[in-house]
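See structure below.
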Number of protein chains: 2
Amino acid sequence: MQTDTPAVRRAPAAVPAPEPCAPRRGRPRSEAAEQAIYTAVEALMEDGVGLTDLSIERIAAAAGVGKATIYRRWPNLEALLVDVVARLEAPPPQLCGGSVQDELVGMVEYMRRRGLAKRSRWVLKSALGQLHDWPELRAVYQERVVKPRRELIRTIVRRGIDEGVLRADLDIELVCEVLIGPILLRTILWDDAPLDDPELARKMVDAVLNGVGAAPAGGQSH
Amino acid sequence: MQTDTPAVRRAPAAVPAPEPCAPRRGRPRSEAAEQAIYTAVEALMEDGVGLTDLSIERIAAAAGVGKATIYRRWPNLEALLVDVVARLEAPPPQLCGGSVQDELVGMVEYMRRRGLAKRSRWVLKSALGQLHDWPELRAVYQERVVKPRRELIRTIVRRGIDEGVLRADLDIELVCEVLIGPILLRTILWDDAPLDDPELARKMVDAVLNGVGAAPAGGQSH
DNA sequence: AGTTTGCGATACGGCCCCGTCTCGTATCGA
DNA sequence: TCGATACGAGACGGGGCCGTATCGCAAACT
């Protein structure tokens with residue numbers, strides 16, 4: 001009721017929220033319940049339940065929580081799912097130091113590991129599917145996940161071009177796509193593609209840097 | 001018409017289907033009704049109705065058709081939508097002759113055009129997007145559309161390796177992903193990436209074949 | 001002719017879900 | 001201690017859709 005900015009609000013992280021206007025008089029909300037709800041949604045998805053098949057009642061049952069406990073926090077299913085997706089994508093892809101090639105391998109390796117985490121893999125795929133006509137979800141996802149990641153890799157690529165490690169005659173966007181496309185393909189689009197080879201990132205970056213074309217003479221292409 | 005092999009059957013194209021076993025004795029099925037159903041679904045989607053929000057009753061109403069007329073042709077909503085989506089998909093990539101490199105460019109160019117069409121045709125875009133969180137639908141789509149396409153590119157790549165045009169030391173799957181990943185990224189995952197450059201396919205294949213790394217460097221990798 | 005099947009329409013029982021509300025209980029601030 | 005608010009559980013009316021089964025009529029075949 002009242003205050004408690006209902007739902008689609010704050011990022012789940014940070015924000016200790018001093019609540020200046022609302023001392024909240026009665027029993028405080030259970031952090032455990034909130035956690036159980038998030039966990040239940042993730043568990044359901046992990047079990048192969050599609051976003052479409054989720055419902056408030058089903059989530060409440062899975063979480064061992066009353067429906068009212070959910071409605072107290074979110075106005076409807078969509079708002080809840082927005083928060084769920086946002087939460088999943090929180091971890092920062094940060095990596096630093098080393099050669100450009102190492103940074104690229106690190107980036108791809110990060111994507112691989114995330115893909116291996118079945119939970120986030122499944123949700124990622126689902127969320128991406130819904131992005132096309134679920135504006136709110138799409139906005140959150142693009143803003144919190146896609147944009148930073150694209151910016152990060154663009155930074156690495158720019159450095160690579162500056163240092164002469166990467167070809168300067170190609171469009172920078174194209175280079176980014178060529179580098180990141182294969183691993184995204186494997187983690188998001190193709191369910192059955194294996195991700196367990198720990199050398200995968202290195203191999204991919206190698207293939208893309210050196211090219212998949214056979215060297216006309218001995219060692220290298222151009 | 002023909003037998004009512006109920007639904008998930010034939011590809012919508014071709015197949016005059018002589019129907020050897022069933023002369024169909026009574027009134028034949030109305031081709032017009034079938035067309036009205038397809039048209040109604042597309043119209044609904046064009047109006048922004050999500051795949052998820054479609055229902056037999058809604059489609060029947062929009063098509064001006066009885067529910068039974070739909071159930072006579074498809075066993076359930078899912079089967080109907082599978083046919084709708086399959087109908088929307090562009091004709092098979094189909095390309096032949098020429099060098100391996102040309103074939104690869106042709107393949108990527110096909111994907112590019114398809115991406116352009118997808119954007120202009122709201123329906124296809126929306127359908128494909130939402131497909132990804134409807135497991136059953138997704139499976140059929142994979143089987144009918146994605147798998148043949150993957151097989152096609154695998155064939156080209158195998159030929160490239162045989163002819164010595166492509167590196168033989170890489171996993172064939174990896175080569176496929178590196179080749180097709182970038183264009184898929186642009187067409188499916190990044191809605192805002194430009195697709196209008198007619199040279200895009202050539203550039204992409206060039207980048208992947210020759211590598212994005214600046215020439216020699218220390219012979220890293222293996 | 002008579003038979004058989006398809007047609008649009010609509011009624012039916014059943015299921016699942018929504019969002020609200022009410023229980024009895026638990027846990028906070030004052 | 002008391003009032004306020006939270007909790008799990010679930011009842012409740014309402015709604016949408018499913019898939020089947022009828023209507024009465026239309027259009028083909030034998």
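Only the coordinates and a few stated rules stand behind these numbers; no lab work does. Note that this is a predicted model, so its numbers are computed, not measured. Here the Cβ is made from the backbone with ideal geometry for all residues, glycine too, and neighbour counts use every protein chain on show.
Starting at the first residue of the range A:155-169, write each ³J(HN,Hα) from the Karplus equation 6.51 cos²θ - 1.76 cosθ + 1.60 with θ = phi - 60°, in whole Hz, x for Gly and Pro.
Running phi through 6.51 cos²θ - 1.76 cosθ + 1.60 with θ = phi - 60° gives 4, 4, 4, 4, 4, x, 5, 4, 7, x, 7, 10, 4, 8, 8 Hz.
If amide H atoms are built 1.01 Å from N in the plane of the peptide, which residues on other chains or at least 5 residues away come under 5 Å of the amide H of B:L166?
For B:L166, whose amide H was placed from the backbone, the distant partners under 5 Å are A:A214, B:I161.
Tell me, what is the FRET efficiency for B:A32 and B:Y71 to the nearest 0.05, using R0 = 25 angstrom and their Cβ-Cβ distance as r?
Values: r = 18 Å, r/R0 = 0.70.
For R0 = 25 Å, the calculated efficiency reads 0.90.
Run through the other copies and list how far each one's label point is from that of B:T155, in nm with one decimal, shortest first; the point sits 7 Å from Cα along Cα-Cβ.
Computed spacing set for this position: 4.6 nm.
Distances from B:I172 to the same position in the other copies: list them in nm, one decimal, shortest first, using label points 7 Å from Cα along Cα→Cβ.
Nearest first, the other copies' label points are 3.9 nm away.
Within a 10 angstrom radius of each residue's Cβ in A:48-56, how many Cβ atoms of other chains show up on average? Whole number is fine.
Averaged over the peptide's residues, the number is 3.
Which loop GluC sites (Glu not before Pro) in the range A:143-222, with loop taken from DSSP, have no more than 16 other Cβ atoms within 10 angstrom of their Cβ?
Filter output for the range A:143-222: A:E163, A:E199.
Could I have the simple spin-label model distance between A:T155 and B:D162, label points 7 Å from Cα toward Cβ, reported in nm to one decimal?
Between A:T155 and B:D162, the label points sit 4.8 nm apart.
Let me understand the range A:29-77 better: what is its radius of gyration from the alpha carbons, and its Dmax, in angstrom?
Over the range A:29-77's Cα set, Rg and Dmax evaluate to 10.0, 30 Å.
Computed FRET efficiency, Cβ-Cβ of A:A139 and B:S99, R0 41 Å: what is it to the nearest 0.05?
0.40
Assume the label is 7 Å from Cα along Cα to beta carbon: what separations in nm does A:G66 have to the matching positions in the other copies?
Taking the point 7 Å beyond Cα along Cα→Cβ, the inter-copy spacings are 4.9 nm.
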